[in-house]
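All remarks here apply to the structure that follows.
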Amino acid sequence: MTTTSSKIVFTGITGLLGGYFLKTKKSGYGIIGIGNKNISQNNDNFFQIDITNKKQVLDFINKINPSVIIHAASIGNVDYCERNPDEAYKVNIEGTKNIINAAKKARAKIIFLSSNAVFDGNNPLYDEKALSSPIDIYGKTKKEGESLIKMSGLNFVILRLMTMYGWPQAGGRGNPVTWIIDKLKTGEKINVVSDIYNNHLWAGQAAEVIWEILKKDIKNETYNIAGMDCISRYDLALKVAKIFELDPSLITPVTSDFFKSIAKRPKNTCFNVSKMETQLGIKAVSIDEGLALMREESK
Ligand SMILES: NC(=O)c1ccc[n+]([C@@H]2O[C@H](COP(=O)([O-])OP(=O)(O)OC[C@H]3O[C@@H](n4cnc5c(N)ncnc54)[C@H](OP(=O)(O)O)[C@@H]3O)[C@@H](O)[C@H]2O)c1
């Protein structure tokens, strides 16, 4: 078990997952957060570090000397990665190399956040042994990140997260659920794809998974982490309308070729979550439960 005096560095503390990791904090852990553009100047435990700066990362990790680094910082906007491949590679791959380099010096364990985007979406349900075959730049950077972590010689855990939903922190990026809520609240009509499937992940569940990994001190394992229900984006929108009491008649189903988005989306990357449920003892949260929890939080 990780000792109760464990010092944890969390990269990406200003992101969606970082927010829920802080909200679900367990006692006995010291969390030192790294962010970039959205870091708060009012928290003594949060620091502005650009993970693409090798020396800055190394000096910082040397000074903190953590036992665990949770590496969640990344560029996660799929279309942005497609339009800006150099920046995507710099942050998601060079940044990960810099974190690995520093983790080696500190002899820290690393928990790396990967994605359902490592799969092409043609052969669900994906378990941990399924072959990864990303179809976009973002997914390629995550696959490469996984390889770097596995080859690093460090104690590692790779968590492949399904598309998450929850309330972002100030300045943070939205997600499918906040997008639907924002549009329906203003009475805007929306077209939503009915042929892209995910078992959408409540960000609070993802955070609980990390705490369980820390508690059980798991090493050298990969987990596919997702919610319970494999549903289309259109069905998700209908559920959001129901739970947040918004108007479902504003939602029109369309097929994905309707959108001229830059990155092609994998059709169905739903995960088989039995390893998460049996080894970690974490039950996949249903979409109804997750949305109800999100609604509760906003009251
Ligand atoms: N959200 C999802 O649906 C999803 C699904 C699958 C996997 N994941 C993975 O899970 C992890 C967490 O996702 P998330 O949604 O919480 O992320 P997010 O909300 O997009 O936040 C990204 C984080 O990365 C930080 N960051 C970006 N560039 C940086 C740089 N050069 N130096 C230092 N920090 C930098 C950002 O800092 P600032 O905001 O301060 O600039 C922010 O804290 C990511 O690795 C993501 O790829 C997410």
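Taken together, the values in this text are just the output of simple stated rules run on the coordinates, not laboratory data. This is a predicted model, so every value here is computed, not measured. Using ideal geometry, Cβ is built from the backbone for each residue, glycine included, and neighbour counts are taken over all protein chains shown.
Take every Cα pair under 8 Å whose residues are at least 6 apart in sequence, average their separation, divide by the length of the stretch 13-57, and the relative contact order is 30 percent.
A Stokes-Einstein calculation at 25 °C with viscosity 0.890 mPa s, built on the Kirkwood radius of the stretch 144-299 over Cα pairs, returns a diffusion coefficient of 145 µm²/s. The slack between ASN45 and LYS242, meaning 0.36 nm per residue of separation minus the straight C-alpha distance, is 67.0 nm. Cross-linked pairs LYS37/LYS283; LYS54/LYS183; LYS143/LYS215; LYS25/LYS283: Cα-Cα separations exceed 30 Å for LYS37/LYS283; LYS54/LYS183.
Of all aspartates and glutamates in the structure, those lying under 14 Å Cα to Cα from LYS185, and not within fewer than 8 positions of it along the same chain, are GLU245, ASP247.
Amide H contacts of THR222: ILE158, each under 5 Å away and 5 or more positions distant or on a separate chain (H built 1.01 Å from N in the peptide plane; Pro and chain starts excluded). Between SER114 and LEU159, ARG160, LEU161, the built amide H atoms are under 5 Å apart, and every one of these is 5 or more places off in sequence or on another chain. Find the centroid of the Cα atoms in the stretch 206-268 and in the stretch 27-44, then give the distance between the two in whole Å. About 27 Å separates the Cα centre of the stretch 206-268 from the one of the stretch 27-44. Around the amide H of ILE49, modelled in the peptide plane, lie the amide H atoms of GLY35, all under 5 Å away and 5 or more residues distant in sequence or on another chain. Shape summary: the stretch 125-224 maps onto an equivalent ellipsoid whose semi-axes, from the alpha-carbon gyration tensor, are 30, 18, 13 Å in decreasing order.
Relative contact order of the chain: 20 percent, from C-alpha pairs under 8 Å at least 6 residues apart in sequence. What base-10 log of the normalised intensity I(q)/I(0) is obtained for the chain from the Debye formula, alpha carbons as equal point scatterers, at q = 0.11 Å⁻¹? With no solvent term, the Cα-only Debye profile gives -0.64. Ranking of LYS97, LYS239 by neighbouring Cβ atoms within 10 Å, starting from the fewest: LYS97, LYS239. Label-to-label distance for LYS55 and LYS215 is 4.3 nm, based on points extended 7 Å past Cα in the beta-carbon direction.
Under 21 Å of direct C-alpha separation, and excluding same-chain neighbours fewer than eight residues apart, LYS189 reaches these lysines: LYS239, LYS242, LYS260.
Which of the DSSP-defined H helices in the chain satisfy a minimum axial length of 18 Å, computed from C-alpha atoms, and a minimum mean Kyte-Doolittle hydropathy of 0.0?
203-216
Positive-end ranking of ILE31, VAL240, LEU131 along the dipole of the chain, with charges on Cβ about the Cα centre, is headed by ILE31.
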